[in-house]
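Data block below; observations after.
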Amino acid sequence: MAEKAHGLASVVADVEDGCKGPEKQRDGDGGATTIAKRTQQASFDRYINILGIYNFGICLQAGWEAVGLSLSMAFFNGGPAVLIYGTIISTLGHFCVAMSFAEMASMDPTIGAQYRWSARFAQRWPEFWGLLQGWLTTFAWVLSCVAPLSFLALITQTLIGFWDLTYQPKPWHVTLIMWAFLVAAIVCNLFLRKILNTLETIGGICHVVFFIVIIAVLATLGGRSSPSFVFGTVVSDVSGWNNSGVSFHIGLLAVILPLFGYDSVIHMVDETKKPRERVPKAMIFSLLTNGVMQLAYLLCVLFYIGDVDKVSASPLPILEICYQATKSKAAATVMLLLHAFSQVIALFNIVASASRLTWAFARDKGLPFHEQFSRLHPTLKAPLEALALVAVISVILSLINLGSTVALSAILAIPSVVLLLSYFPPIFHIAMRKLSGRHPRYGPFKLGSWGLPLNCIGMAFSLYAAFWAAFPSSYPVSNKNMNYAGPVCIALVLFALLDWFTTGKKRFEVPVGAYSIEMEDESEVEVRGDDEKAVSQ
């Protein structure tokens, strides 16, 4: 095994395809950028402890709360069957992806995550795969900020109409509400960073306590449904898709969406203590916790759903379910606000994760104007410009609602498809290295003989889920109900290819990390650039 060097230096031997190692890499003006120069850039403080990083993932996914707020998607396609069986499929599929990611994060914990791994594990054209993956992942995470904003705007408008029957909702109301919550999230990311451990711990406790409260109230006061309704009802005559199999698979988005995003904790790796040990476990723990709680929550909701027709006709079915169970507007409002609280925490976490990923991609010269977006404020220790970019894009997307609420709904499907597709390349590259006997040396989290089977299932699930997430939700398909996630994803890939062949291949640099990546056959070694004790404290 190659001898590890110390200090701010790194050596990468060229692999057999002649790709350029990052010992010296191109910068914008054609000069040489050394690893030392890049690792001496401003860095984050490590302040997130083990409870903070575990609860960060749990609160960001907010599985049972998110699925409760998106029940209308399942009632439109699939019905109760897709909520129960779909949650099991989703949990198992995401588990295989998360296990694959956990192994890679243990080898190489870095903010860039998927695009870093695609670049470092690809046996051919690493810079090409890194840039393409970077565009996919960064685009998906920035657009993901719109989801909790939309949920919070829907909750706010629904509660106003619930209490004031004369209220006439307007599209611009939604836009203003989204802006208000976005401002709060930006302010929290700037000035409440140091209390993140406390905030996430509170969020994690509330996530569990509120779950128990909702279950207890519904099970005590709600009217019971039959097991045949819960386990045997497939809705396939509402959306126009008369084929029950098609309706079931389209409805999967309602249960797949709340459970992805476990890779968010990797984007906080530079701020996490002992990331190599804690980040992989945090991903697995957050996914399994949310998957089990989501299934239990849905079983309770469906067994105590009440009048199904009224619930299906409601703009926010969970509010109607709570109202029928409690017979009280005040109690139903409180129960809905318990769901909303998690979305506020999730919004804070998604904005933090997306801004860190944007900063990292700009630092590696993946973005145009990367000099601006790769800055880190020396006092706040926050990527101000990257955070501003995320905020501006979210504001622009919220304006779409002024022209078409359907268009805004379509926007929500786009990050789902793109993020699911972004899971495939890094797992594919690491699997190919394992098959060829050239895999990196493993970190503390190792899958062993289960590695390749889990990798293959994870890749299959990401393609399967992305395909159905891109399917139109209703039939016949028109310009109003078309799911544009697929075309947008294709356009994004074409844009990334255009970027690569114009300026990207001269601009983008294969990401470097704090930890070594060593190949079993010693053909490639990246030496750690800083002291391990400093990183792991």
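Just a few scattered comments:
- Karplus-derived 3J(HN,Hα), 6.51/-1.76/1.60, for each residue of the range 71-83, Hz, glycine and proline x: 4, 4, 5, 6, 5, 7, 9, x, x, x, 4, 6, 5
- Between Thr502 and Ile195, the C-beta separation translates, for a Förster distance of 56 Å, into a calculated FRET efficiency of about 0.80.
- For the pair Arg124 and Trp172, label points projected 7 Å from Cα toward Cβ lie 5.6 nm apart.
- Charged-residue dipole, Cβ positions (Lys, Arg, Asp, Glu), the range 44-506 about Cα centre, Debye nearest 20: 1160
- Per-bin percent of Cα-Cα distances, the range 445-504 [10 Å]: 18, 27, 27, 23, 5
- Rounded to whole numbers, the Karplus 3J(HN,Hα) couplings from phi for the range 478-495 are 9, 5, 7, 10, 5, 8, 8, 4, x, x, 5, 5, 5, 4, 5, 4, 5, 5 Hz, using 6.51 cos²θ - 1.76 cosθ + 1.60 with θ = phi - 60°, and x at Gly and Pro.
- For the range 194-207, 3J(HN,Hα) per residue [Karplus equation, 6.51 cos²θ - 1.76 cosθ + 1.60, θ = phi - 60°, Hz, x = Gly/Pro]: 5, 9, 4, 4, 5, 4, 5, 5, 4, x, x, 5, 5, 4
- Once the Cβ-Cβ distance of Ala313 and Thr220 is raised to the sixth power relative to R0 = 35 Å, the FRET efficiency obtained is 0.90.
- With all protein chains modelled, accessible area of Lys506 [1.4 Å, Å²]: 130
- Per residue, the solvent-accessible area of the range 44-506 (1.4 Å probe, heavy atoms of protein chains only, all protein chains present) comes to 36 Å².
- Residues whose amide H comes within less than 5 Å of that of Gly240, counting only those at least five positions distant or on another chain, are Tyr475 (H built at 1.01 Å from N in the peptide plane).
- Over the C-alpha trace of the range 44-506, radius of gyration and Dmax come out as 21.3, 68 angstrom.
- Most positive-pole-ward Cα, Leu60, Val213, Ser264, against dipole of the range 44-506 from beta carbon charges: Ser264
- Nitroxide proxy distance, nm - points 7 Å out along Cα→Cβ at Tyr85 and Ile202: 4.3
- Taking label positions 7 Å along the Cα-Cβ direction at both Leu51 and Val334, the computed distance is 2.6 nm, reported to one decimal.
- Placing unit charges on the Cβ atoms of the charged side chains and taking the dipole of the range 44-506 about its Cα centre, the candidate lying farthest along the positive direction among Leu69, Thr503, Leu92 is Thr503.
- Under 5 Å between amide hydrogens, built in the peptide plane, is the criterion, and for Leu316 it picks out nothing among residues at least 5 positions away or on other chains.
The values are calculated or read from the model by the stated rules, or taken from the named source; none is laboratory data. Predicted, not measured: the structure shown is a model, and the values here were computed from it. Every residue, glycine as well, gets a Cβ built from its backbone with ideal geometry; the counts of neighbours run over all protein chains shown. For accessibility, only protein heavy atoms count, side chains too; no ligands or nucleic acids. Shrake-Rupley method; radii C 1.70, N 1.55, O 1.52, S 1.80 Å.
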